[in-house]
């Protein structure tokens, strides 16, 4: 169970099937300064686990009022070279790197590739057998991920994925869905209850691929959702979600279909996100991201070990 540092009220929010363009980002120099300020303040998020994930060298009992459980400090720091947290340089530079990586993973529209890049960076750091190697690796990785951040900041909001589709709503969704996909219609009627069923048609410009998004109109509350695709002469279900929040089109793709990210709201400051990729028949879950709001922005919490 996550132990909260701050308790915040929340309001359910939902935007169905939208493309979130690149956010306006701060230059890396200014960002690193903000990261250093946040690290100096102690708590980096609403939960003790969030702060320790990004700053495993943190003195939790002193700074957060969190007494260590037996073996907890050793477990959290197990992904670091020996004596790292006793080194004054690394105790400051490692949390800076970890926060930067977490920010990038939350902001990128290629999370699978970025997660692999972060994992490789952490692996290289763990492989260091001395503090000199660790210092060099952290410095190199911080420069690399600062460049990644600047690249994200320069991305145009009207990327290829953003302009890939045209949309229109089906005028009589009940009649359309009951005739084109009776199985999904049955599930939608049972799941939507008294809420009306909505169907949005989308057509991809590059290959005329046709898909239909089916959701319940629940007035801003996350609902079950289904994604259908026109294959030959019939509509086939390729994704079903128990809770569909913001379904985002990513710039990466598999088997000719863009990857998707479904983001829901756990509370105002925490919105878990799941990445799905197409395997040639259906979309399958590939990556879960625990995205949280912090004083430096939205981060994807990465366990440090």
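For (1) assigned to a strand (DSSP E or B); (2) in contact with a helix residue (DSSP H, G or I) (Cβ under 9 Å, 6 or more places away or on another chain), each residue gets a yes or a no:
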| site | (1), (2) |
| --- | --- |
| 227 | yes, no |
| 239 | yes, no |
| 250 | yes, yes |
| 262 | yes, no |
| 274 | yes, no |
| 277 | yes, yes |
| 281 | no, no |
| 304 | no, yes |
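Considering (1) closer than 19 Å to residue 188 by Cβ; (2) surrounded by fewer than 17 Cβ atoms within 10 Å (Cβ to Cβ); (3) modelled with pLDDT of 90 or more, the lone condition that residue 281 does not fulfil carries the number (1).
Just one of the listed residues (221, 203, 184) is in contact (Cβ under 8 Å) with a residue 12 or more places away in the chain and part of a helix (DSSP H, G or I), namely 184. All conditions in (1) farther than 23 Å from residue 267 by Cβ; (2) at pLDDT 90 or above hold for residue 40, with the sole exception of (2).
Reported count of residues in segment 87-96, each being more than 15 Å from residue 142 (Cβ to Cβ) and either under 26 Å from the mean Cα position of the chain (by Cα) or outside any loop (DSSP other than H, G, I, E, B) (or both), is 1.
Taking (1) closer than 20 Å to residue 302 by Cα; (2) touching a strand residue (DSSP E or B) at 6+ places or on another chain (Cβ under 8 Å); (3) assigned to a helix (DSSP H, G or I) in turn, residue 191 satisfies each apart from (1).
When you look at residue 109, is it surrounded by 13 or more Cβ atoms within 10 Å (Cβ to Cβ) and more than 26 Å from the chain's Cα centre (by Cα), yes or no? Against the criterion (surrounded by 13 or more Cβ atoms within 10 Å (Cβ to Cβ) and more than 26 Å from the chain's Cα centre (by Cα)), residue 109 does not qualify. Within the option set 99, 174, 138, 118, being touching a strand residue (DSSP E or B) at 6+ places or on another chain (Cβ under 8 Å), buried (at least 16 other Cβ atoms within 10 Å of the Cβ) and either at pLDDT 90 or above or part of a loop (DSSP other than H, G, I, E, B) (or both) holds for one residue only, 99. Can you confirm whether residue 239 is under 21 Å from the mean Cα position of the chain (by Cα) and buried (at least 20 other Cβ atoms within 10 Å of the Cβ)? Taking the combined requirement at face value, the residue satisfies it.
Inspection of segment 274-293 identifies at least one residue that is farther than 24 Å from residue 180 by Cβ and out of contact with any strand residue (DSSP E or B) (no Cβ under 7 Å at 6 or more places or on another chain). Could you tell me which of the residues 229, 242 is in contact with a strand residue (DSSP E or B) (Cβ under 8 Å, 6 or more places away or on another chain), on the phi < 0 side of the Ramachandran plot and at pLDDT 95 or above? Unique residue meeting the criteria: 229. Taken together, the residues in segment 212-223 that are touching a strand residue (DSSP E or B) at 6+ places or on another chain (Cβ under 6 Å) and surrounded by fewer than 19 Cβ atoms within 10 Å (Cβ to Cβ) amount to 1. Taking segment 60-86 as the range and being free of Cβ contacts under 8 Å to residues at least 60 places away in the same chain, surrounded by 14 or more Cβ atoms within 10 Å (Cβ to Cβ) and assigned to a loop (DSSP other than H, G, I, E, B) as the test, the residues that pass are 64, 81.
The values are calculated or read from the model by the stated rules, or taken from the named source; none is laboratory data. This one's a predicted model, so the numbers in the text were calculated from it and none came from an experiment. Heads up, the Cβs are rebuilt from the backbone with ideal geometry, glycines too, and the neighbour counts pull from every protein chain shown.
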